[in-house]
1. Given the conditions (1) surrounded by 12 or more Cβ atoms within 10 Å (Cβ to Cβ); (2) in the same structural domain as residue 212 (by TED's automatic domain parsing); (3) touching a strand residue (DSSP E or B) at 6+ places or on another chain (Cβ under 8 Å), and given that residue 114 satisfies all but one, which numbered condition is not satisfied?
2. For region 186-206, enumerate the residues that are touching a helix residue (DSSP H, G or I) at 6+ places or on another chain (Cβ under 9 Å) and either buried (at least 17 other Cβ atoms within 10 Å of the Cβ) or at pLDDT 95 or above (or both).
3. In region 247-260, is there at least one residue being farther than 23 Å from residue 132 by Cα and in a loop (DSSP other than H, G, I, E, B)?
4. Just checking, does region 81-88 include any residue being modelled with pLDDT of 90 or more, more than 20 Å from residue 40 (Cα to Cα) and not in a helix (DSSP H, G or I)?
5. Is it the case, given these coordinates, that residue 290 is assigned to a helix (DSSP H, G or I) and within 30 Å of residue 217 (Cα to Cα)?
6. For residue 101, all conditions in the list (1) surrounded by 15 or more Cβ atoms within 10 Å (Cβ to Cβ); (2) under 21 Å from residue 114 (Cα atoms); (3) modelled with pLDDT of 90 or more hold save one; what is the number of the exception?
7. Is it the case that residue 173 is in a helix (DSSP H, G or I), in contact with a strand residue (DSSP E or B) (Cβ under 9 Å, 6 or more places away or on another chain) and closer than 21 Å to residue 258 by Cβ?
8. Condition check: under 24 Å from residue 378 (Cα atoms) and either at pLDDT below 55 or surrounded by 10 or more Cβ atoms within 10 Å (Cβ to Cβ) (or both). Does residue 440 satisfy that?
């Protein structure tokens, strides 16, 4: 079949016109927001979530944009039954009807329990419940912020308890919804604001509270956004949500949990009556200690007053003067005796020194003379007198080898009684000291072998 257009005169609609009519029909037919229950299928949960919602007879394509997906407080999985809220619309590009989802809720109490357990496990892994990260509560609060509804009975319990215990403690109300669709975001926003500005406002701690109710009524306090706000808060937080048997995620993350709003107020607001009694006990104890110290001081003063130093100071001075005189009388003779004894010892040392010095000098002179005789016996003059001589070259260097001089060189031969000058006309040998020594050893060896027979070396 060929294409048919409005211009061809066939009266046919364009695709865009059909899409517009479908969109209009959807808007008129559903009348705004719809709530649809079904099972999640083919979930793609990246930034935007794309999935199908189906039951036994049909399937409906759904899209949940990232801004709405971030507000979902429980993990969504394929096969999970949920209730979604949104608007029906026609997606022109793909020619399909889609449900644009604003909110996703689990179906029934069983689903809420599942969502609760899953979020608890996730936050536990992240360390939200660790005792080490929880902040200590202040011992005496002057200003407390209460995050709850203005109409909540829990607020009146906190006010009554605080005024009864200590009227000087100021309460600041942060009025928020504690139930319903917008409750979680309002609670989280209030906590975040107090975390930023609380210290500047002089707030010491926060109470997050509401009365009892069903799991659905308390669900706002199980939302991830509230848990994050409590976890990141810079001020200590006490949470008292529902009855004692109700344990919300907000209470698990908070720095302290109380069963009731009254108990939360009692944890932070000091009891003025108990403080007065404590002050009175301390006053009596201090008074008793001071009385004992005063009595002890009186006894010490009376005892000191009876001492001779205060009773008869002149007698004490005379007594001390006598002691000083006695010490002086003993000290001077002892000092003189020490000086005389030291002088006598010094005289004895001088006499010993004078007596022993000549003897030591004679010993040193005799030793020096013996060394001088020994030195002369082995000195060069003695060797020369025994018929030996030594030869030097023109620079006065001793000639030790034939190689030390050249033919024509002038040499000096030193004898015991003078010196002879000569000129080298001929050189014989020249093997050096080693060759000369080696030849001499061979001669000696040969001579000994001839005289005594073979010898081993």
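1. Every condition holds for residue 114 apart from (2).
2. Within region 186-206, 186, 187, 188, 189, 190, 191, 192, 195, 203, 204, 205, 206 qualify.
3. The answer is yes, given that some residue of region 247-260 is farther than 23 Å from residue 132 by Cα and in a loop (DSSP other than H, G, I, E, B).
4. no
5. no
6. The single condition residue 101 does not satisfy is (2).
7. Taking the combined requirement at face value, the residue does not satisfy it.
8. For residue 440, the condition - under 24 Å from residue 378 (Cα atoms) and either at pLDDT below 55 or surrounded by 10 or more Cβ atoms within 10 Å (Cβ to Cβ) (or both) - is not met.
The values are calculated or read from the model by the stated rules, or taken from the named source; none is laboratory data. The model shown is predicted, which means the values in this text are computed figures rather than measured ones. In this analysis, Cβ positions are derived from the backbone assuming ideal geometry, glycine residues included, and neighbour counts consider all displayed protein chains.
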